[in-house]
Amino acid sequence: MILNISGEDYLSRQFIPTLWHQMQDFTALHIHSVLPKEICEDIVAKVYKNKEHWNSDFDGLQFSFGQAYYPHLEAGTTEEYFQKVPNSDEQFNQALPGLQEMAMKFLSSIVGGYVQQRDGWSGPGIHIFPANGYAANNAGEVHFDLDGISDSDRIALSPAITMILMLQPPTLGGGLKVWNTKYSGRTADELALDEIPSTIVEYGIGDLVFINSYTLHQIQPFQSQCDRISLTVHSIYNGECWDCWF
């Protein structure tokens, strides 16, 4: 159910641009060790150095560097999201120059097309799940990545993809559980999850993981003295190219 590729093969571009089409037969694409450990550690150090710019999401249950859309959507504060995006992106790019562009290049290599930041929306950003926090102890929410996808695109199942770059994995656990089912108009609560085959993507540092945004998934609980830190970007095909956001 998981298509595994080595970072060496990915970087040699042997599979490009066929990976997006190959993904249709799998629940996830897992590319191992794309970024060296040293680069990931440098990014993480800069994330902590800019802790004053983190956003507290869900009353501190998790944090983000860069404005994440879905916490604002659930809190009913989407107007605030769009107001904060310009300043937030500026802070992110000052702290981590070139990271958003690199993330979009990774995404472009998989979909085989041009990727652009959606106008007015945040670019790729970083999620921080605290060690011994809610997700660590209870797992994340079971969900589809529908936030930011219009009703018409949901109905049409317009091509959409989520990318995760693992910068600091937990010591134990914290993988991504993916079910072999896609969005069909029903919520996760309406599905008999025990009857649907599933598997867990176990992250390593510097790994890239791609899933179809309509695939049901969940962050698993974890045990660690360090936070779980990853970069995330969502994207959808607009008929000409791919729009991405955080």
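Derivation of every value follows stated rules applied to the coordinates shown; laboratory data play no part. This is a predicted model, so every value here is computed, not measured. Here the Cβ is made from the backbone with ideal geometry for all residues, glycine too, and neighbour counts use every protein chain on show.
Starting from the Cα of THR199, step 7 Å along the direction of its Cβ; do the same at ASN138; then give the gap between the two resulting points in nm.
3.0
Pull up the DSSP beta bridges for region 2-245 and report the antiparallel fraction as a percent, rounded to 5. Please list the in-between numbers first.
Values: 42 of 50 bridges.
Here the antiparallel bridges make up roughly 85 percent for region 2-245.
Using 7 Å Cα-to-Cβ label points, what is the PHE82/SER12 separation (nm, one decimal)?
Distance between the two pseudo-spin positions: 4.7 nm.
Net charge within 15 Å of ILE229 by Cβ-Cβ distance, Lys/Arg positive one each and Asp/Glu negative one each, not counting ILE229 itself? It would help to have the intermediate numbers written out before the result.
Values: positive: LYS37, LYS46, LYS49, LYS51, ARG228; negative: GLU41, ASP42, ASP57, ASP207, ASP227.
Charge balance in the 15 Å sphere: 0.
Quick one, which of (1) 76, 38, 33; (2) 53, 53, 34; (3) 42, 42, 40 is the actual Cα extents along the principal axes in Å calculated for this model?
(3)
Give me the extension gain from TYR48 to ALA131: residue separation times 0.36 nm, minus the current Cα-Cα distance, reported in nm with one decimal.
Here the segment from TYR48 to ALA131 would lengthen by 28.5 nm.
So which of LYS105/LYS182; LYS84/LYS105; LYS51/LYS84 end up more than 22 Å apart, counting from Cα to Cα?
Numbers: LYS105/LYS182 26 Å; LYS84/LYS105 25 Å; LYS51/LYS84 17 Å.
Violating the 22 Å limit, Cα to Cα: LYS105/LYS182; LYS84/LYS105.
Order of 163-171, 185-193, 144-152, 128-136 by packing, highest average Cβ count within 10 Å first?
Values: 163-171: 22.2, 185-193: 10.6, 144-152: 16.1, 128-136: 18.1.
Highest to lowest by the protection proxy: 163-171, 128-136, 144-152, 185-193.
Give a quick list of GluC sites (Glu not before Pro) in region 56-156 that DSSP marks as loop, anything other than H, G, I, E or B, with at most 16 other Cβ atoms within 10 Å. Before the final figure, lay out the partial values.
On the way: sites: GLU74, GLU79, GLU80, GLU90, GLU101, GLU141; in loops: GLU141.
Here the sparse-neighbourhood loop sites are GLU141.
Find out how many positive minus negative residues lie around LEU96, taking Lys and Arg as positive, Asp and Glu as negative, among other residues whose Cβ is under 12 Å from that of LEU96. Can you show the working numbers first?
On the way: positive: LYS46, LYS49; negative: ASP42, ASP89, GLU90, GLU101.
Here the charged neighbours net out to -2.
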